[in-house]
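Taking it in order: structure first as structure tokens, then the write-up.
The values are calculated or read from the model by the stated rules, or taken from the named source; none is laboratory data. These numbers come from a predicted model, not from an experiment. Positions of Cβ are generated from backbone atoms using ideal geometry, with glycine treated the same way; all protein chains shown enter the neighbour counts. Keep in mind that these areas ignore ligands, DNA and RNA; they rest on the heavy atoms of the full protein, side chains included. Shrake-Rupley method; radii C 1.70, N 1.55, O 1.52, S 1.80 Å.
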Amino acid sequence: MALRGRAGAIQAPEWFGSAARGNAFLPSLMGAYSILYSAWWPFAWGSAGAVAFLLVLAAAVLFIVRGTLQVRHATLFPNNPTPEDQRISNAMGLLNSITHPIWMLGAILLLVFGQGRWVLPLMVFVIGAHFIPMGRIFGRQIDYVLGPIAMAAAVVAGVLARDDEVSWLVVFAVAGVGGTLATLSYAFYMTRAYLRLCERAGVPFPLAKSAVAPG
């Protein structure tokens, strides 16, 4: 497919569309998660928590918008998965089919047995743990850093959850610190990764849909 811009026609590599789709949505997803993780701060820590939450919210909105733009950009190109793309897709499908049901079903059981204060620590710990195999799947080092950050915050929150005198809002807020740091850092990393992907392919970003022409 040819891209028509000021510099003339540019050929997008055949692999680009599939690779771009695999990365494009992640800043939006991480931005949404960061809002969930940090939403408890104002209730647990008052005005200081509210200010921190608003800062996270502003960053999250920027990442959600950026991810949306990347998705629109990626869909302008044919989706031709390579064997490596298929390997990653299969591995991530298997990983997600294991990790997400763990915290979802665990959260339901905790709520049923009146232990809701453990829900967010469990969620953050499991999602943090699933960063570790992601590092191997994608061959990235950052996952080995961000995963333990989230897991450490979840452990601290779990210690606090053992004390009934500690409000469950504080427990959630502490767990949310690790989740927020991990997800916003990952959103920033994946935003840069998308730009690097475009640079490697020689594809302009952003690119108006009208600039794409068959060829």
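Brief remarks follow.
- A single entry from GLN115, GLN141 fulfils the requirement of being more than 28 Å from LEU94 (Cβ to Cβ), out of contact with any Ser or Thr (no Cβ under 7 Å at 6 or more places or on another chain) and of a type in the set (S, T, N, Q): GLN115.
- Verdict on LEU69 being in a loop (DSSP other than H, G, I, E, B) and either touching a helix residue (DSSP H, G or I) at 6+ places or on another chain (Cβ under 9 Å) or touching a residue at least 24 places away in the same chain (Cβ under 8 Å) (or both): no
- Subset of the range 80-111 (residues that are part of a loop (DSSP other than H, G, I, E, B) and surrounded by fewer than 14 Cβ atoms within 10 Å (Cβ to Cβ)): ASN80, THR82
- Matching residues in the range 158-172 - criterion: being assigned to a helix (DSSP H, G or I) and closer than 20 Å to ALA50 by Cβ: TRP168, LEU169, VAL170, VAL171, PHE172
- In the range 177-199, of all residues being of a type outside the set (A, V, I, L, M) and without any contact (Cβ under 8 Å) to a residue 40 or more places away in the chain, the one that is least open to solvent (accessible area, probe 1.4 Å) corresponds to ARG196.
- Which listed residue is over 19 Å from TYR186 (Cα atoms), among the β-branched types (Val, Ile, Thr) and out of contact with any strand residue (DSSP E or B) (no Cβ under 6 Å at 6 or more places or on another chain), from VAL124, VAL112: VAL112
- Of the residues making up the range 126-147, those that are in a helix (DSSP H, G or I), open to solvent by 60 Å² or more (accessible area, probe 1.4 Å) and not hydrophobic (A, V, I, L, M, F, W, C) number 2.
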